[in-house]
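One structure is given below, encoded as C-alpha cells.
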2 protein chains.
Amino acid sequence: MNIPSVFWIVPFASVCALIMAFYFYKSMMREDEGTERMREVAGYVRTGAMAYLRQQYKVVIIIFVVISLIFAFMSYVLHVQNPWVPFAFITGGLFSGLCGFFGMKTATYASARTANAARHSLNKGLKIAFRSGAVMGLVVVGLGLMDIALWFVILNAFYDGEANALVTITTTMLTFGMGASTQALFARVGGGVYTKAADVGADLVGKVEENIPEDDPRNPATIADNVGDNVGDVAGMGADLYESYCGSILSAAALGAMAFGVNYEMQLKAVIAPMLIAGVGIFLSLIGIFVVKTKDNATMKDLLHSLNLGTNVSAVLIAVASFLILYLLKVENWIGLSFSVISGLLAGVIIGAATEFYTSQSYGPTKDVAKSSETGSATVIIKGISTGMISTMIPVITISVAVMLSYLCANGFDMSMNSESISKGLYGIGVAAVGMLSTLGITLATDAYGPIADNAGGNAEMCGLGEDVRKRTDSLDALGNTTAATGKGFAIGSAALTALALLASYIEEIKINMVRAANEGVVFIDNLGNVFEPKNAQLLDMISFFQVNLMNPKVLIGIFIGAMSAFIFSGITMGAVGRAAGSMVEEVRRQFREIKGILEGIATPDYGRCIQISTKSALREMILPSLLAIAIPVLVGIVLGVSGVLGLLIGGMSTGFTLAIFMSNAGGAWDNAKKMIEEGNFGGKGSSCHKAAVVGDTVGDPFKDTSGPSLNILIKLMSMVSIVMAGLTVALI
Amino acid sequence: MNIPSVFWIVPFASVCALIMAFYFYKSMMREDEGTERMREVAGYVRTGAMAYLRQQYKVVIIIFVVISLIFAFMSYVLHVQNPWVPFAFITGGLFSGLCGFFGMKTATYASARTANAARHSLNKGLKIAFRSGAVMGLVVVGLGLMDIALWFVILNAFYDGEANALVTITTTMLTFGMGASTQALFARVGGGVYTKAADVGADLVGKVEENIPEDDPRNPATIADNVGDNVGDVAGMGADLYESYCGSILSAAALGAMAFGVNYEMQLKAVIAPMLIAGVGIFLSLIGIFVVKTKDNATMKDLLHSLNLGTNVSAVLIAVASFLILYLLKVENWIGLSFSVISGLLAGVIIGAATEFYTSQSYGPTKDVAKSSETGSATVIIKGISTGMISTMIPVITISVAVMLSYLCANGFDMSMNSESISKGLYGIGVAAVGMLSTLGITLATDAYGPIADNAGGNAEMCGLGEDVRKRTDSLDALGNTTAATGKGFAIGSAALTALALLASYIEEIKINMVRAANEGVVFIDNLGNVFEPKNAQLLDMISFFQVNLMNPKVLIGIFIGAMSAFIFSGITMGAVGRAAGSMVEEVRRQFREIKGILEGIATPDYGRCIQISTKSALREMILPSLLAIAIPVLVGIVLGVSGVLGLLIGGMSTGFTLAIFMSNAGGAWDNAKKMIEEGNFGGKGSSCHKAAVVGDTVGDPFKDTSGPSLNILIKLMSMVSIVMAGLTVALI
C-alpha cells in the first residue's frame, strides 16, 4: 500500500512539537532559579514529586506486566484477541507515562523560576510559566501523534495487500488506547488522592484550627500540598488528555475506514484526515503559544485576554485549515466534514465559557455561593451542590447539539438512518472530537500553566518574597485558577466526545472479531435461526443481530449498571480522599503538638512525614477504583454480551459526563467563592462567612480535583476495555 | 364483553380497604387527645398543615385546569389524543389529592393522641401511631384500586365488541396515571421544600446558633417544622406511592394485553391478574396490620421486630397467594409469572434492607460518618457523599437482577429475543412491579407511622411531658426514622420498576396511535421507502421502524438529556430549599432579636410568620421543577421523536434512580450519624463533633426529603407525559 506523501506531515509535526518542547524547556532552564531559599523549597517539591512519580510508576509497571501477560495469553493461547494488543498496550502506557514525567519535571523546575521572574516583571513571570506549561502540551501532542504515525506505518507494511486492510489496521490501532487509558487512570486517581489528601489536611488544621495562611512554611503539609499540585494537576491532566487526544484520532480513523468501506481510496483519505488535522493543529498551536504575552501593569482581565487570544488564534486558524486540508485531500463531502470539525471546536469553546460562568467570581452563580455563607457552612454546601447540578445543562446540551450537527453535516443531512448514512454520520462525530482536541498543544499549555503559577505563588510565600512580587504571583495564580477550571470543562467535554466515538467504534471491533471467528469456522445463528454472515454485515445488521435496542433487558440493565459505575467510582475516590485527609490531619495535629516551636517559626516541621502519608495513601487507594473500571466492562461483557456492554458504555458515559461536570463545577464555585471572601467580601478572612466558605472549598477539593476528573478516564477506559475485550466477548456468543 | 366474576374481588377489596381505613380513623379519634396544652399544640400543627394543603391544592387546581384544557384541545380539536385523557387526568389528580388529604388529616389528629397514649404504655402509643399510619396506606390502595376498577368497567362497556378492545382499554387507562403523577410531583416538591425550609431554618438558628434543643417551643420555626413533617412526609409520600401503585398495575395490564394479543381469553386473564394480585394484597396487608403489637418494656429491636413481622407476614402470604391466583385464573405459564411476582417482592425487601444497612447507626457506614466528624464538618460531608454514592450498588444490582429474572421467568427463559418472547418478558417486569407494591397497604402504614411518631415526640417535648413519656415517644420516633429510611428505599425501588414498565408500555401507546392515524389515512414510510403497516407490526418492527438502537444519535442524545434532567431537577429543588431556608433563618434570627423574652420562655414567638414563609416558598418553588418535568419529554418528543423520547426515559430513569438512592442514603446516614453523637458518642451533644454532624444533617435534609424523593416522581412523570403525548409525537412523524 502506498501511504500518500501528505501523510508525512504527521510525523514531521510530531517531531516539531517535541523539538519545540525541548527548546522551551531549555530556555526555561537557562533562567535564574532565585535565592538560596527559593532553590531549596523548589528542590523539596521537585524531589517529593519525582519520588512519588517513581513509586507510582513502579506500581503501575507491575500492573502493566500482569495485564500484558493476560493479553498475551488471550492473544497467543486462546486466540481471542488481536496479536498486537500486548505490545500496543505497553507502548500506550509508556508514552503516556513519559508525558507525565516530562511535564512534571518541567513544571517543578519552572515554579521557582517563575517566582523569580515575577520579581522582575509580570510579563516575564507569565511567559516562563506559560511556556513551561506549553512543554507539557507539546510533549503530549508530539508523543501522541508520533505513536500513532509509527504504528500506522508498521501496520501498513504488515497488512499490505490484505482485503480491507485499513479496517484491520485502524481497529487494531484503536486497542492501543487501552495502555494510555490505564496509565491515565492511575495517574488521575493516584495524583488526585495525593494532592487532595495534602490540600485538605493542610487546610483543615492550618487554616481552620490554627489560623495560619495557605502555603505557610510552618504548616507541615505545605510541601506535600505543592507536590500534589504537580502530580495531580500536571501529570494527571497530561495523561488524561494524552488519552483523549489519541483516542479521538484513532476512533475517527476507525470510523472513517468503516464509513467508506466500499471505496479504498476514499477510505484511506478518511483515515488520514483526522491525523492530518491533528498534525496541522500542532503548528497552529505553536503560533498561538507565541502570541501569548502581556504588559507589566496587566490586570487579571488583561492576563486572561492574552491567554484567550492565544487559544482563539489557534482555534480560528484550525477551522480555516480544516477546510483546506479536507478540500485538498478531496475527501467526499469535504464541506460537511469541515463543519463537523468546527462543531467540535465550538463545543469545546462553549463548554469552557460555561465552566467559567459557573465557577468564576465575576458571575452570579459563584457570588450566590459566597453569599450563602452568611447562613453557615450547611447552606454553602447546599448552594454549591445546587449550582453544580444546574451547571450540567449547558455542557450536556452543547455536546448533544454538537453530536447531532457533526453527525448530520458529515452525512449530508441524511436522516434516513440506513447503515451507510449512520456510518458516515458517526465518522462526523469522530472528526468533531478531533476538532475539539486539535489545538490541544495550546489548550493544555494554559492548563498546565495553572499549577506552575500556583507553585510559584507557594514558593514566593514560603520564601517570604516582597509584597509586590507576591501580588504578581497572586495575579498569575488567580489566572491559573480560571484556566484550570475551563481546562477541566474542556477535558470532560473532549472525554465525552471521544468516548462516544469509541462507543461507535466498538461495534466495528466486534464485527472484525466475528469475521475472524467466522473464517476459523465459527457459525453465528441469529434469533430467527438463520446463519449470520458477519463479513457482509452492515452496521444495522450488527445492531439487529445483537438486539441492541431499548426493549432488550440486557441493554436496559447495562445502562443502569453504567450509571451506577459512575457513582460507585466517585464514591470510592471521594472516600479515599476522606481517609487520606484524615491521616494527614492527625499527622499535622501531632506535629503541632509534639514538635515544640513550629508555630512560632523556630522549629522546622517534618515535611517528609506528610509527603510519605500522601504517597502511601495515593498508592494504596488508586488500586481498587482502577481495577474496578477495568473489571466492570469485562464482567458485563461476559454476563450480558455485546448489547449489555453497549448499554453499560452509554449509561456510564451519560451519567459519568453529567456527574463529572457537576462535581468539577461545584468544586470550582466553592473554591472561588472562598477566594472572593478572602478578598474582603462578606467580612473577609477570618470572618464566620470565611469559615463557612472554607468548609465548602474543602469539600470541593476532591470534587473538582479527584473524583470529577477521574470520571473522564473512567468513561474512556470502560470503552477501551470493551474494545480490547471484543474478541473474548465474541468467543462467548 | 363479559367481565369474569372473579374480577369483582378487586372493587370489593378496595371498598374493604376504605372501610377499614375509616374504622381505624374512628377508633383513633375516640382516644383522648391529652391535656389542654397538648390539644393546643396539635391544633396549631393541624391548622397549619391543612391551611398549606388547601393553598397547595388551589395552585394545583389552576394548573390542572390549564393542562386539562390543553388536553381537551388536543383530543377534540387536533384529534391527536385519546378522548378520555382530559377526564382521566382529572380523576387521577383528584384521587391522589384525596389520599394526601385523608392521610394528613388523620396524621395531624393522631400525633397528640399518640403522645397521650405513650403516657400510659409504649404498646398503646405504637398501636395508635401505626394504625393511623395504616389509614394512609389503606386509603391509597383503596382509592387507587377503586379508580382502576371503575374505569375498567366503564371502558369495557364502552369498547364492548371492538377489535382488540383490551389493548385499547388498557392503553387508555394508562394515561390516567398522568393526573396522579402531576399531583404527586407538586405534593412531593412543595411538601419537600416546605418541610426542609422549616427544618433547616429551625436547626441552623436554634441548634447551631442558640444551642436550644430540637422541637423547643422557644424556636419560632418549631410549629412550621412539625407541619412540614405532615405535608412532606405524609401527604407527599402518599401521593408518590399512589402513583407507583396505580402506574404498576396499569402498565402491567397494558403489557399483558400486548403480550397475549393473539388470544382474547388469555389476554383478559393477563389484564385482570395484576389487579387481582393487588386486590388480594389488600386483605393480606390487613392481616399484617393486625399482627403489629409490642410489649411495654420493648427495646428498639423489639419495636422494629414487631413492624417487620407485620410486613413479612403480608409478604409471605402474598407470595403464596400469587401462585394460587395465577393458578386458579389458569394464566399461561402461571408458575413462571408467580416467580416474576416474587422477584419484585424480594427486590423490595433487599432494597429496604440495604437502605437500613447504609443509614442505620447499628452498621459500619453510618458509624464511619459519625467518626469522620472528629476532623470537622468538611470530612463529614465528604464521607457522607462517599457513603451515599457507594450505597447505590446493591439497589441497582438488585433491580437489575429482578428485571432479568422477572423477564426470563415470564417468558420461560426464552433468550431468542423475538417479538413474542420480549412482549411476554416485559409483562413479567410489569408483574414484578405489582408484586413489589402488592403489600403497599402495610408498607405505607409503616412509612406514614414515622412522621406521626415524630410529631408525637414534638408534642411531648413542647408540652413538657414527663421524662418517661418522652423516653417512650423517643423510642417510637427512632423507630420511625428507620422505617422512613427503608420506606424511602422502597419508594425509589418501586418507582424504578414502575417506570421501566411504563417505558415498555410507551411503545405500545405509540403503536395504538399509529393504528388510529393509519385508519384515518396517514401513510407511514420506513427508511427503506416501504409503507409501514402499524396494525400488524410486532414489537421489534416498531423498534426497527423508529430505529430505537444505540447507534441512533437521537437515542444517544436522549440518554444524555435524560441524565441531565435528573441532575438539573435535583439542583433546582436543592436550590429552592437553600433559598427558602435562608429566608427562614433570617426570620428566626429577627424574632430572637426583636421579640424580647423568647429565649427566657416569657414571650411566645410568632409561629405564624414562619409557617407563612414555608408556605409561600413551597408554593413558589414547586412550579418551575414541576413544569420542567412536564416540558422536557414534550420538547424531546417534538424535536427528537420516538427514539429520542425512549432515550430520554431510560437515561432519566437510570441516572434518576441512582441519584435518588445516593441522595436519600447520604441524607439518612448523616441524620443517624448526628443522632448517634447525640446519644453520647464522640463527645455527645454540644461537642465539636456534634456541631460538625449537625452540618451534615442539615445538608442531608434536602437530600433525603426533597430532592431524592422528588426524583421518584420525575422518572415516572416523564414516562407518563410521554405516554399521554404519544398521539402528538405520532402526528409529527
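Here, each number is a calculation from the coordinates, and none is a lab measurement. Owing to the predicted nature of the structure, the values given are computational and were not obtained by experimental measurement. Here the Cβ positions follow ideal geometry from the backbone for every residue, glycine too, while neighbour counts run over all protein chains shown.
Quick look at the numbers
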{"quantity": "Under 15 Å from the B:K685 label point (7 Å along Cα→beta-carbon), backbone N, segment B:194-227", "calculated": "B:203, B:206-219"}
{"quantity": "Hydrodynamic radius by Kirkwood, which averages 1/r over all alpha carbon pairs of segment B:151-287, in angstrom", "calculated": "18.0"}
{"quantity": "Inter-label distance, nm, simple model (7 Å from Cα along the C-beta direction), B:Q612/B:K471", "calculated": "4.3"}
{"quantity": "B:L309 versus A:A353: modelled label distance in nm, points set 7 Å from Cα along the beta carbon direction", "calculated": "6.7"}
{"quantity": "Extension gain (nm, one decimal) between A:L635 and A:K26, 0.36 nm per residue minus Cα-Cα", "calculated": "214.5 nm"}
{"quantity": "Of every Cα-Cα pair in segment B:399-540, the percent that sits beyond 22 Å", "calculated": "61"}
{"quantity": "Residue order, fewest to most beta carbons within 10 Å, for A:E586, A:E420, A:E243", "calculated": "A:E586, A:E420, A:E243"}
{"quantity": "Derived scalar couplings ³J(HN,Hα) [segment A:429-444; Karplus, 6.51 cos²θ - 1.76 cosθ + 1.60; whole Hz; x for Gly, Pro]", "calculated": "5, x, 5, 4, 4, 4, x, 4, 9, 5, 9, 4, x, 8, 5, 5"}
{"quantity": "Net charge of neighbours whose Cβ lies under 15 Å from the Cβ of B:G100, counting Lys and Arg as +1 and Asp and Glu as -1", "calculated": "-1"}
{"quantity": "Net charge dipole size for the protein assembly as shown [Lys, Arg +1 and Asp, Glu -1 on Cβ; Debye, nearest 20]", "calculated": "800"}
{"quantity": "Test item: Cα-centred dipole of segment A:9-101, Lys/Arg +1 and Asp/Glu -1 on Cβ, debye", "calculated": "140"}
{"quantity": "Candidate lysines - alpha carbon under 16 Å from B:K105, same-chain residues fewer than 8 apart omitted", "calculated": "B:K26"}
{"quantity": "Amide hydrogen neighbours beyond the local backbone of A:F532, cut-off 5 Å, H modeled", "calculated": "A:F524, A:I525, A:D526"}
{"quantity": "Relative contact order computed over segment B:609-723 (Cα-Cα under 8 Å; 6+ residues apart), in percent", "calculated": "35"}
{"quantity": "Size of electric dipole in segment B:5-731: Cβ of Lys, Arg +1 and of Asp, Glu -1, about Cα centre, debye, nearest 20", "calculated": "540"}
{"quantity": "Options B:A618, B:L408, B:A432, ranked by Cα towards positive dipole end of chain B, top entry (Cβ charges)", "calculated": "B:A618"}
{"quantity": "Computed over segment B:357-433, Cα set: Rg, Dmax in Å", "calculated": "19.8, 59"}
{"quantity": "Extreme residue, positive dipole direction of segment B:5-731, given options B:A157, B:H79, B:G142 (C-beta unit charges)", "calculated": "B:G142"}
{"quantity": "Proximal lysines to B:K554, defined as alpha-carbon separation beneath 26 angstrom and excluding residues fewer than eight positions away on the same chain", "calculated": "A:K424, A:K511, A:K554, A:K716, B:K511, B:K535, B:K716"}
{"quantity": "FRET efficiency for A:N211 and A:I287, using Cβ-Cβ distance with R0 set to 60 Å, rounded to 0.05", "calculated": "0.80"}
{"quantity": "Square roots of five times the Cα gyration tensor eigenvalues for the protein assembly as shown, Å", "calculated": "51, 43, 25"}
{"quantity": "Pair B:V522, B:L628: separation of 7 Å Cα→Cβ label points (nm)", "calculated": "3.1"}
{"quantity": "Pairs from B:K330/B:K488; B:K471/B:K674; A:K471/A:K596 whose Cα-Cα separation, in the structure shown, is over 29 Å", "calculated": "B:K330/B:K488; A:K471/A:K596"}
{"quantity": "Length released on extending from B:V77 to B:T47, taking residue separation times 0.36 nm less the Cα-Cα span", "calculated": "6.4 nm"}
{"quantity": "Cα-based helix-to-principal-axis angle, A:237-259 vs chain A, degrees rounded to 10", "calculated": "20"}
{"quantity": "Footprinting exposure proxy for A:T398, B:T706, A:T47 (fewest neighbouring C-beta atoms within 10 Å first)", "calculated": "A:T47, A:T398, B:T706"}
{"quantity": "Ranked A:R131, A:R54, A:R37, criterion: other C-beta atoms within 10 Å, fewest first", "calculated": "A:R54, A:R37, A:R131"}
{"quantity": "Positive dipole terminus of segment B:5-731, leading residue within B:G652, B:L635, B:N312 (C-beta point charges)", "calculated": "B:N312"}
{"quantity": "Cα extents of chain B along the three principal axes, largest first (Å)", "calculated": "82, 47, 45"}
